[in-house]
Amino acid sequence: MPRISIEAPVVGMGLDPKGTLATPPVDDPALVGWYQDGPSPGEAGTSLLVGHRDTRTGPAIFLNLNILNPGDIVNVVRADHRIAQFTVDAVKTYKKEAFPDAEVYGNKAGRPELRVITCGGTFDKKKGYASNVVVFAHLTGVKSV
């Protein structure tokens, strides 16, 4: 994500025991998780990337995710050594108790899309963050590394 100077390793993730999207280990704040049971970035459907905003030890990889704007670029280097380039359509913040699963995880446009998700909103030491920040983006190109 050139605008916010993010370059990070990506690791496959699944669902946690509660059936929600798992996150990278909190002891590795520079790691990004990809929902490996869904499409890989650039394939048809909605690909999901998730990472922490911060941890007990300080800032994490998606600290500034909320400052992305429509038109910004997100590049993902794929396992086939090609770069899937996505253009940001929107950045939205949702209260966790009102998280719109169908809007975030769905794909109404029928094109390769990307969602990048982290925590956001107000923070409570006992409950954590009240919201999630979601970047909505669509594939605009694929190029060789």
- Scan the chain and hand back the longest stretch that contains none of the GluC sites (Glu not before Pro) lying in DSSP loops with at most 15 other Cβ atoms within 10 Å. 44-145
- Task: Provide the gained length on full extension for the span residue 73 to residue 108, in nm with one decimal, where the gain is 0.36 nm per separating residue minus the Cα-Cα distance.
- Result: 10.5 nm
- Task: Just report the Cα centroid separation between region 86-145 and region 1-66, whole Å.
- Result: 11 Å
- Calculated [θ] (222 nm, deg cm²/dmol) that DSSP helices of n ≥ 4 give over the chain, each run adding -39,500 (n - 2.57): -500 deg cm²/dmol
- Item | Highest-fluctuation residue, 83, 117, 67 considered, GNM on the chain with Cα pairs under 10 Å | 67
- Message: Among 135, 77, 88, which one shows the highest mean-square fluctuation when the chain is modelled as a Gaussian network with alpha-carbon springs under 10 Å?
- Response: 77
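Can you give the translational diffusion coefficient of the chain in µm²/s, computed by Stokes-Einstein from the Kirkwood radius over Cα pairs at 20 °C and 1.002 mPa s? Mind dumping the intermediate values first?
Details: Rh = 15.4 Å.
Roughly 139 µm²/s, to the nearest whole number.
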- Take 138, 81, 52 and order them by how many other Cβ atoms sit within 10 Å, fewest up front. 81, 138, 52
- Applied in sequence order to region 58-67, the curve 6.51 cos²θ - 1.76 cosθ + 1.60 (Karplus, θ = phi - 60°) yields integer Hz couplings, x standing for Gly and Pro, of x, x, 10, 4, 9, 3, 9, 4, 5, 8
- What FRET efficiency would be calculated for the residue pair residue 20, residue 130, taking the C-beta separation as r and a Förster radius of 22 Å, to the nearest 0.05? 0.85
- Task: Arrange the following residues from fewest to most other Cβ atoms within 10 Å of their Cβ: 92, 127.
- Result: 127, 92
- Message: To make sure I understand the rule: partners must be lysines, Cα under 23 Å from the Cα of residue 108, and not fewer than 8 residues away in the same chain. Which ones qualify?
- Response: 92, 95, 96
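By counting other Cβ atoms within 10 Å of each Cβ, how are 50, 32 ranked from fewest to most?
Going from sparsest to densest Cβ surroundings: 50, 32.
Laboratory data are not the source of any read-out in this text; all were calculated from the coordinates shown. Predicted, not measured: the structure shown is a model, and the values here were computed from it. Note that we place each Cβ from the backbone using ideal geometry, even for glycine, and neighbour counts take in every protein chain shown.
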